[in-house]
Amino acid sequence: MTYKFATKAIHAGQQADPTTGAVMTPIYQTSTYQQASPGDHKGYEYSRGTNPTRKALEDCLAALENGKFGLAFSSGMAATDCVLRLLKPGDEVVTGDDLYGGSYRIFTQVYADYGITFRFVDCSDIQAITNAITPKTRLIWIETPTNPTLKIADLAAIGKLANSSNILYVVDNTFASPYLQNPLDFGADIVMHSATKYINGHSDVVMGALVMNDESYYKRLFFYYNACGGTPGPQDAFLTLRGLKTLHLRMQAHCAHAAVIAKFLKTHPRVEKIYWPGFSDHPGHAIAAAQMRGFGGMLSIVLKDADLEETFRIASRFKVFTLAESLGGVESLINHPATMTHGSIPKELREKVGVVDNLLRISVGIEDVEDLLQDLKEALDA
Ligand code: P1T
């Protein structure tokens, strides 16, 4: 029997504990497991490789992304790093020009040193992606919606292109979460998540995840996961599993509140420009409407006539929103990408894609939306 999303979020990968009947998956706080004789064990040998609490989470994540195999990592960057280990010197990667700053950094400051070439193009332009492909292209790495300017990539069109050219196709699904979008259904080979964000949802864990259907990729990635060791502990796996149980409810509230706030900001005199894929005049609106089940809880604004100091002043004025990096938690956050999350991208590059000094990114939380509106009003009008 196949279950719908909420049932999977609450039950997939989990059963009552066989030894005690505990309904919630226990935190198996153990590094190692008894063997009756060498190699004679119950499926668990050492917790870098496998741990029952982590396994429950991985199976749940796989179910939510409509995939067969899940892997959890100690951060989103550890998950990204694991995928990049599939590459060899001389390989090329086509990726978006608007990306989380840490992804840009690992591409250009870590893997470029191993002889891998990264081509950054507008991922909402299928022709630009096509033009960037060469016989050496091994990987297409896409974020959609992008961090922080909420560009939308056409998942199915890129899927067709990647699959017909035999190129590994990976989608960083962090901004959408599995509740809003399932890239494997559009031809992606691997879905990557910063599970730190919506998946955990409570800003108390740093974690990453990969989900895939192909067993040979799973085996290879599992090998790197265990050999390199960027795996999370059972306490974090437990917290993330617990967070997942309300993902559907949280995402519904994030989407609803972001829609109210986006509409308020669109006509606000202090806002020069707003990025939110729910607006019909957003260039990716139709594709977002087709491939997502909601427009998400993230939006970004460019402040009118604000230099860096004025932008800092406004960003520091909020009482309900917290000025902080990260996103996707129950609490609302404001972030200044140019100096915070995207500080490792050179100024002229980031400005070219709209990450200007007067851009603020907003992660809309699930507090009372009237209080969020009031906080925004006071911070912008002061
Ligand atoms: O922070 P970590 O769990 O390692 O995940 C990295 C990452 C990967 N991909 C996307 C799209 C992300 O947004 C992130 C992390 N981003 C932030 C911390 C941020 O505030 O944008």
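The number of residues in the stretch 134-155 being in contact (Cβ under 8 Å) with a residue 40 or more places away in the chain, more than 14 Å from the ligand (Cβ to nearest atom) and open to solvent by 10 Å² or more (accessible area, probe 1.4 Å) comes to 4. Taking the conditions (1) within 16 Å of the ligand (Cβ to nearest atom); (2) surrounded by fewer than 24 Cβ atoms within 10 Å (Cβ to Cβ) in turn, L168 satisfies each one other than (1). Among residues that are exposed (fewer than 15 other Cβ atoms within 10 Å of the Cβ) and away from the ligand (no atom under 16 Å from the Cβ), D307 is included.
Quick one: which strands (runs of 3 or more DSSP E) sit completely within the stretch 3-121 and have at least 3 residues that are under 23 Å from P178 (Cα atoms) and in the same structural domain as G229 (by TED's automatic domain parsing)?
Values: elements: 69-73, 92-96, 117-121.
Passing ranges, in order: 69-73.
When each of E348, E325, E331 is tested for being open to solvent by 70 Å² or more (accessible area, probe 1.4 Å), within 16 Å of the ligand (Cβ to nearest atom), among the acidic types (D, E) and modelled with pLDDT of 95 or more, the lone residue that passes is E325.
I'd like to know if the stretch 95-113 contains one or more residues that are surrounded by 24 or more Cβ atoms within 10 Å (Cβ to Cβ) and away from the ligand (no atom under 12 Å from the Cβ). No, that holds for no residue. Restricting the search to the stretch 261-288, which residues are outside any strand (DSSP E or B), surrounded by 15 or more Cβ atoms within 10 Å (Cβ to Cβ) and touching a helix residue (DSSP H, G or I) at 6+ places or on another chain (Cβ under 9 Å)? If the condition is that a residue be outside any strand (DSSP E or B), surrounded by 15 or more Cβ atoms within 10 Å (Cβ to Cβ) and touching a helix residue (DSSP H, G or I) at 6+ places or on another chain (Cβ under 9 Å), then I261, F264, L265, H268, R270, W276, P277, G278, F279, H282, I287 are the ones that fit. Among the residues of the stretch 205-220, is there at least one that is basic (K, R), more than 14 Å from the ligand (Cβ to nearest atom), at pLDDT 95 or above and open to solvent by less than 50 Å² (accessible area, probe 1.4 Å)? No - not one qualifying residue is present in the stretch 205-220.
Given the residues G329, G296, which is the only one that is touching a Leu at 6+ places or on another chain (Cβ under 9 Å) and touching a residue at least 40 places away in the same chain (Cβ under 8 Å)?
Every option except G296 fails the conditions.
Just for the stretch 222-260: of the residues that are of a type in the set (K, R) and part of a helix (DSSP H, G or I), which one is most open to solvent (accessible area, probe 1.4 Å)?
The qualifying residue most open to solvent (accessible area, probe 1.4 Å) is R242.
Among the criteria (1) farther than 24 Å from D214 by Cβ; (2) touching a Phe, Trp or Tyr at 6+ places or on another chain (Cβ under 8 Å), the one T7 does not fulfil is (2).
The values are calculated or read from the model by the stated rules, or taken from the named source; none is laboratory data. This structure is a prediction, so every number in the text was calculated from the model and none was measured. Note that we place each Cβ from the backbone using ideal geometry, even for glycine, and neighbour counts take in every protein chain shown. With ligands, DNA and RNA removed, areas are computed over all heavy atoms of the protein, side chains included. Shrake-Rupley method; radii C 1.70, N 1.55, O 1.52, S 1.80 Å.
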